[in-house]
1. Being under 24 Å from L142 (Cβ atoms) and either outside any helix (DSSP H, G or I) or out of contact with any strand residue (DSSP E or B) (no Cβ under 6 Å at 6 or more places or on another chain) (or both) narrows it down to one residue among A35, A8; which is it?
2. Go through region 64-74 and count every residue that is open to solvent by less than 50 Å² (accessible area, probe 1.4 Å) and outside any loop (DSSP other than H, G, I, E, B).
3. So which of L42, L50 ends up being assigned to a helix (DSSP H, G or I), touching a residue at least 24 places away in the same chain (Cβ under 8 Å) and surrounded by 12 or more Cβ atoms within 10 Å (Cβ to Cβ)?
4. Quick check on my filter: what residues within region 126-154 are of a type outside the set (D, E), over 17 Å from the mean Cα position of the chain (by Cα) and open to solvent by 60 Å² or more (accessible area, probe 1.4 Å)?
5. Being open to solvent by 40 Å² or more (accessible area, probe 1.4 Å) and either of a type in the set (D, E) or within 20 Å of R39 (Cβ to Cβ) (or both) is the filter here, so list the residues in region 97-111 that pass it.
6. Among the numbered conditions (1) more than 15 Å from T45 (Cβ to Cβ); (2) part of a helix (DSSP H, G or I); (3) open to solvent by 80 Å² or more (accessible area, probe 1.4 Å), tell me where R81 comes up short.
Amino acid sequence: MARVSSDADRRGELLAALHQAGREHSNAAVMFHAAVGARMGLGMTEEKTLDLLEREGPLTAGEIVARTGLAPASVSGLVDRLERKGFVRRSRDHADGRRVIVEIDRDRVASFGALFADFVSGLEALYADYTDEQLDVILDFLRRSAAIQQRATGTLTGEIA
């Protein structure tokens, strides 16, 4: 019977440590992106929206809403600010002239790549410490936890029921 208690205690300790590490990771990410945004003259949501557009390519405002969980009015104002600052432009969709596409100015955004250099090299060194199987588990965790956080964001903004 003591073995079950020991296993349960260990699981509880691991879950508590995971919760704490998750909070620390979240805080570190928020602070890093706040610092990057400040260097770029952007708010954190603006900087992360640029990241989304860089990764996924041109999107409509509705697609930005769907991928971020932000409210449509928030995304509209966000795109307005990014456009005024010269980071994005709006263009008509050639296939459907009613749709407006938001795309980044790649030259403008590329000029800020150096802000990420130390962070990226640190992550690459960290990845080298793990086997491919361990990286598969980490990747699965990151994707699934991001989906949970996106759903939670949508719930808070009323975009997901």
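The values are calculated or read from the model by the stated rules, or taken from the named source; none is laboratory data. All figures in this text were calculated on a predicted structure; none of them were measured in a lab. Note: ideal-geometry Cβ built from the backbone for every residue, glycine included; neighbour counts use all protein chains shown. For the accessible areas, the whole protein counts, side chains as well, though only heavy atoms, and no ligand, DNA or RNA atoms are used. Shrake-Rupley method; radii C 1.70, N 1.55, O 1.52, S 1.80 Å.
1. That would be A35, the only listed residue that is under 24 Å from L142 (Cβ atoms) and either outside any helix (DSSP H, G or I) or out of contact with any strand residue (DSSP E or B) (no Cβ under 6 Å at 6 or more places or on another chain) (or both).
2. So the answer is 3.
3. Among L42, L50, only L50 is assigned to a helix (DSSP H, G or I), touching a residue at least 24 places away in the same chain (Cβ under 8 Å) and surrounded by 12 or more Cβ atoms within 10 Å (Cβ to Cβ).
4. L126, Y127, A128, Y130, T131, Q134, V137
5. E103, D105, R106, D107, R108, A110, S111
6. (1)
This table checks each residue for (1) farther than 19 Å from M44 by Cα; (2) without any contact (Cβ under 8 Å) to a residue 24 or more places away in the chain; (3) in a helix (DSSP H, G or I).
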{"residue": "R90", "(1), (2), (3)": "yes, yes, no"}
{"residue": "I101", "(1), (2), (3)": "yes, no, no"}
{"residue": "F116", "(1), (2), (3)": "no, no, yes"}
{"residue": "Y130", "(1), (2), (3)": "yes, yes, no"}
{"residue": "D140", "(1), (2), (3)": "yes, yes, yes"}
{"residue": "G154", "(1), (2), (3)": "no, no, yes"}
